[in-house]
Amino acid sequence: MHGSAKTVFMFSGQGSQYYQMGKALYQGNAVFRSELQRLDEVVRGLGSASVLAELYASRPASAPFDRTLLSHPAIVMVEYALARTLMAAGVMPDLVLGASLGSYTAAALAGAIGIEQALALALAHARALAGCEAGGMIAILDDAKLFERDFLRQRAQLAAVNFDAHFVVSAPLAHCAGIERDLRERDIVFQRIPVEYAFHSRWIDAGREAFAALGGQVQAGRLQLPLVCCERGGLLAELPPAYFWDVTRQPIRFPAAIAELEALGPHRYLDVGPAGTLAVFLKYLLPAGSPSSQQAILTPYGHDLANVERLVMAAAA
């Protein structure tokens, strides 16, 4: 690894959550456990049910964790607690990157808002979406040019391009089964993402005014760390006024954000999201011969404690 590489903490959003995420770390790491318990008190104080009680209930990790009122704060809580755990052990970020809801965590870690405010915003967003049409998101393993075909373009919106052969569409729930049938007939690999709404599409626009009324319009402070926004596709000098709405409404431009970072030099990309999905995307995005590296920490497959320990040992070396 190049000695001058800067460390990027990457935070993912809806779709990366699952039951039991971070449980091994919760049981085995005092900092992570303490942070999650503290943040659970915050969300309960904001009128939410206990996120921890739901997250670590007796359900398999494969069960859909798609209730937005709980999954929204759960994602922010787990990401922030993991970031604080790494920092307490000496693994410090030089930059933060946010994709979709992960942009709330990124803003908090960058110091533009407090984590309590980030959780209040996440809950306000979830409550605002209650008036929106039920929707879905489908990840498709193919070139994004496929979206121009009528069977997709007329029933969905392009929500994200993750790398050359992987993109995501959002659509009303009533359209999802038909889209999946057409993909199956064409032998195209796809996966339904566990969400209740069609994020990153016009089908959540009905929630925008309610979000503003519930506190979605906030005055963010000055960024203490450089922040890379996947909605804007690059570095931000400050948070724009509609940041907390736009990051979940506009398409995710992860490749553009990474391209801007790679143009600046080598980076060590640490996926501080629940599932390691951004680290997987980076395997296909980093150019051949790049001195940059990527690493997942939490995944649905375990090894969370070992992954944290390896990072800490590398930071101490």
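The values are calculated or read from the model by the stated rules, or taken from the named source; none is laboratory data. Owing to the predicted nature of the structure, the values given are computational and were not obtained by experimental measurement. Protein only, heavy atoms only, side chains kept; ligands, DNA and RNA dropped before computing areas. Shrake-Rupley method; radii C 1.70, N 1.55, O 1.52, S 1.80 Å.
Applying the Karplus parametrisation 6.51 cos²θ - 1.76 cosθ + 1.60 with θ = phi - 60° to the phi angles of the range 240-250, what ³J(HN,Hα) value in whole Hz is obtained for each residue in order, glycine and proline being reported as x?
x, x, 9, 3, 6, 8, 4, 5, 9, 9, 7
Pick out which of Lys283, Lys23, Lys145 has the largest mean-square fluctuation in a Gaussian network model of the chain, springs linking Cα atoms closer than 10 Å.
Lys145
Which of the helices in the chain, when you take each full DSSP H run, stretch at least 24 Å along the axis at their Cα atoms and have an average Kyte-Doolittle score of -1.0 or higher? Mind dumping the intermediate values first?
On the way: long enough: 68-88 (29 Å, 1.09).
Correct list, ordered by number: 68-88.
Using 5 Å bins from zero, what percent of all Cα-Cα pairs in the range 1-139 falls into each bin?
Binned Cα distances yield the sequence 2, 10, 19, 23, 22, 13, 7, 3, 1, 0, 0.
Collect residues whose amide H, placed 1.01 Å from N in the peptide plane, falls under 5 Å from the amide H of Ala160; neighbours closer than 5 in sequence don't count.
Result for Ala160 returns Val168, Ile252.
Quick check: Cα centre of the range 16-34 to Cα centre of the range 36-112, how many Å?
Taking the Cα centre of the range 36-112 as reference, the centre of the range 16-34 is 10 Å away.
Under 5 Å between amide H atoms, partner at least 5 residues away or on a different chain: which partners does Thr7 have, H built in plane at 1.01 Å?
Amide H neighbours of Thr7, under 5 Å, 5+ apart: Asp94, Leu95, Arg268.
Below 8 Å between Cα atoms, with a sequence gap of 6+, how large is the relative contact order for the range 160-293 in percent? Show your work: numbers first, answer last.
Details: 134 pairs, mean separation 33.5, N = 134.
Computed value for the range 160-293: 25 percent relative contact order.
Summarise the accessible area of the chain (1.4 Å probe, protein heavy atoms) by the percent that is carbon and sulfur.
Working: 6660 of 13240 Å².
The nonpolar share, carbon plus sulfur, comes to 50 percent.
Whole angstrom only: what separates the Cα centroid of the range 125-186 from the Cα centroid of the range 190-217?
First find each Cα centre; the distance between them is then 14 Å.
Take every Cα pair under 8 Å in the range 264-308 that's 6+ residues apart, average their separations, divide by the length, and report that relative contact order as a whole percent.
Details: 57 pairs, mean separation 19.7, N = 45.
Result for the range 264-308 is 44 percent.
Ignoring everything except DSSP H segments at least 4 long, calculate the 222 nm mean residue ellipticity for the chain; use -39,500 (n - 2.57) per segment, divide by total residues, nearest 500. Don't jump to the answer; show the numbers that get you there.
Numbers: 13 runs with 131 residues, N = 317.
Mean residue ellipticity, 222 nm, calculated: -12000 deg cm²/dmol.
When the distances between all Cα atoms of the range 111-159 are binned every 5 Å from zero, what whole-number percent does each bin get?
Spelled out bin by bin, the range 111-159 gives 4, 15, 17, 13, 12, 13, 14, 9, 2 percent.
Could you compute how fast the chain diffuses translationally, taking Rh as the Kirkwood radius over C-alpha pairs and applying Stokes-Einstein at 4 °C with viscosity 1.567 mPa s? Give it in µm² per second.
66
Over the range 1-100, with the other protein chains present, what is the accessible area per residue in square angstrom, probe 1.4 angstrom? It would help to have the intermediate numbers written out before the result.
Working: 3670 Å² over 100 residues.
Roughly 37 Å² per residue, with all protein chains present.
When averaged across all projection directions, what area in nm² does the alpha-carbon convex hull of the range 174-261 cover? Provide the component values of the computation, followed by the final result.
Working: hull surface 31.5 nm².
Mean projected area for the range 174-261: 7.9 nm², to one decimal.
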